[in-house]
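The structure under discussion appears below in the form of structure tokens.
Where a number appears in this text, it was derived from the coordinates with a stated rule and is not lab data. Predicted model, so just to flag it, every value in this text is computed and none were measured. Heads up, the Cβs are rebuilt from the backbone with ideal geometry, glycines too, and the neighbour counts pull from every protein chain shown.
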């Protein structure tokens, strides 16, 4: 397994762990709305950066190197667009509400389809198309894109690598400032 698959799989595993914690997995979800909100924000942050990095690095490689790469990438990008919309909606919902529970379930269902599609359709074809050295280079590019990625979903942003490179720095700074303000509000008592 090359570095690309390890890094992508690590994010997929973290996404599932967070969803399990939010939903309670086979147990009961947390009763504390603050814990639920913290978990949900972490999920949104991880998944937003993950999808952004895939759009900047992985899907262009699939398009260029895989047989039927345009179709593979188009399907994945449609799934990611839906997922980003759902994450954006979830981000604005209050834990402890029926809407929040429904939003989490929608995100979990979409993830089930999307992550399976990536792992079973796209990854094997890209693994066949590129050498281990090329995949390791892609892993480094993906990791760099993920570190610089926005921490919120931006569902109306086109998944064009050129556009993503141009706007990522601005969106990432804006998102990180908003995240810092939210963290500060969470620790500062309200009068």
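Of note:
- Sequence-separation-based contact order of the chain, relative, with Cα cut under 8 Å and 6+ spacing, percent: 31 percent
- Taking 7 Å steps out from each Cα toward its Cβ at residue 176 and residue 134 produces label points 3.3 nm apart.
- Measuring r between the beta carbons of residue 144 and residue 92 and using R0 = 25 Å, the FRET efficiency lands at 0.25.
- The chain: angle of helix 132-147 to the longest principal axis, Cα-based, in degrees nearest 10: 30 degrees
- Euclidean distance between Cα centres, region 2-53 to region 100-176, Å: 14 Å
- Shown is the FRET efficiency for residue 184 and residue 102, computed with R0 = 22 Å from the Cβ-Cβ distance and rounded to the nearest 0.05: 0.15.
- With respect to the chain, whose longest principal axis is taken over its alpha-carbon atoms, helix 69-91 is tilted by about 10°.
- Angle between the chain longest axis and helix 3-23 axis [Cα atoms, degrees, rounded to 10]: 30 degrees
- Scaled radius of gyration (Cα, divided by 2.2 N^0.38 Å) that region 3-187 gives: 1.03
- Residue among 99, 51, 110 with the largest mean-square fluctuation in a Gaussian network model of the chain, springs linking Cα atoms under 10 Å: 99
- Hypothetical label at residue 74: residues of region 127-163 whose amide nitrogen lies under 13 Å (7 Å Cα-Cβ projection): none
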